[in-house]
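Chemist: The structure's right below; bear with me while I get my questions together.
The values are calculated or read from the model by the stated rules, or taken from the named source; none is laboratory data. Small disclaimer: the values here were computed from a predicted structure and weren't measured. FYI the Cβ positions are ideal-geometry reconstructions off the backbone, even for glycines, and counts take in every protein chain you see. To get the accessible areas, we keep the full protein, side chains included, count just its heavy atoms, and leave off ligands, DNA and RNA. Shrake-Rupley method; radii C 1.70, N 1.55, O 1.52, S 1.80 Å.
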Amino acid sequence: WHDRNGRVVDASVSATRLLGSDPARLHGHGLLERVHVADRPAFLKAVSDVAATGHPATVPLRLHVEAGRVDGARLIHAEMRAHRIANGPHAATAVVAVTRDMTEHHRHAEELERARAEAERADAIKGRFLANVTHELRTPLNAIIGFSEVLAGEGAPSLSADQARDYAGIIGASGHHLLGVVNTL
């Protein structure tokens with residue numbers, strides 16, 4: 001339970017288990033001191049807005065936990081859902097917040113993001129590889145096709161024996177180059 005200024009009026013056993021602390025240490029600004037400094041404005045605004053408007057709010061937070069936790073974590077990712085309550089033991093304070101540990105969810109999201117980035121990187125590498133391979137195949141194929149068309153075309157009888165031998169040599173070298181590329185692949 002919070003007052004409209006974010007001070008803890010009462011803390012449940014679950015909250016104390018989550019933070020690894022006894023309830024008395026969370027009262028007042030004890031919880032606020034556990035909220036990561038960068039997340040404190042969002043925490044205080046959410047509690048204040050819920051108290052003022054009555055509209056529920058959900059806020060992602062990072063919380064510092066006691067070293068005695070079983071998992072040994074020092075900073076956890078959490079999600080706080082705050083609601084205004086009109087009746088109950090602390091009705092005058094009006095805001096109750098339920099906070100849950102989202103560390104595993106956050107870790108999983110980071111792993112998915114890393115996997116997506118790696119897949120994009122692999123796709124880019126594949127694209128560059130295919131561009132290089134097609135260039136290496138296309139260049140000698142153009143020579144083979146071009147010079148074989150010259151040798152088989154109407155101008156072939158007017159070629160000297162040396163020119164025909166040069167063209168056949170270019171065709172042979174291009175064919176060997178292609179065979180080397182294919183063998184490499």
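For (1) modelled with pLDDT of 90 or more; (2) charged (D, E, K, R); (3) touching an Asp or Glu at 6+ places or on another chain (Cβ under 8 Å), each residue gets a yes or a no:
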position: THR53; (1), (2), (3): no, no, no
position: PRO56; (1), (2), (3): yes, no, no
position: VAL59; (1), (2), (3): yes, no, yes
position: ALA73; (1), (2), (3): no, no, no
position: ARG107; (1), (2), (3): yes, yes, no
position: ARG114; (1), (2), (3): yes, yes, no
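Condition check ((1) at positive phi; (2) more than 48 Å from the chain's Cα centre (by Cα); (3) open to solvent by 90 Å² or more (accessible area, probe 1.4 Å)) across all residues:
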{"residue": "ARG128", "(1), (2), (3)": "no, no, yes"}
{"residue": "LEU151", "(1), (2), (3)": "no, yes, no"}
{"residue": "ARG165", "(1), (2), (3)": "no, yes, yes"}
{"residue": "LEU178", "(1), (2), (3)": "no, no, no"}
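Chemist: Among what's in region 53-66 and is open to solvent by 70 Å² or more (accessible area, probe 1.4 Å) and more than 22 Å from GLU104 (Cβ to Cβ), pick the residue that is farthest from the chain's Cα centre (by Cα).
Modeler: Selected residue: THR53.
Chemist: I'm trying to understand the selection: among the residues of region 35-62, which are over 16 Å from VAL98 (Cβ atoms) and in contact with a strand residue (DSSP E or B) (Cβ under 7 Å, 6 or more places away or on another chain)?
Modeler: HIS36, ASP39, ALA42, ASP49, GLY54, ARG62
Chemist: For region 83-98, what are the residues that are assigned to a strand (DSSP E or B) and either open to solvent by 50 Å² or more (accessible area, probe 1.4 Å) or at pLDDT 95 or above (or both)? Step through it out loud before you land on a result.
Modeler: Filtering region 83-98 for residues assigned to a strand (DSSP E or B) gives 83-84, 95-98.
Matches in region 83-98: HIS83, ARG84, VAL98.
Chemist: In this structure, is SER21 modelled with pLDDT under 90 and among the hydroxyl-bearing types (Ser, Thr, Tyr)? Working first, answer last.
Modeler: Details: modelled with pLDDT under 90: yes; among the hydroxyl-bearing types (Ser, Thr, Tyr): yes.
So SER21 fits the description; yes.
Chemist: Turning to a different aspect of this structure: Considering only region 1-52, state which residues are of a type in the set (Ser, Thr, Tyr) and touching a residue at least 12 places away in the same chain (Cβ under 8 Å). So that I can check it myself, show each step before the final result.
Modeler: The initial filter retains those residues of region 1-52 that are of a type in the set (Ser, Thr, Tyr), namely 12, 14, 16, 21, 48.
Result: SER21, SER48.
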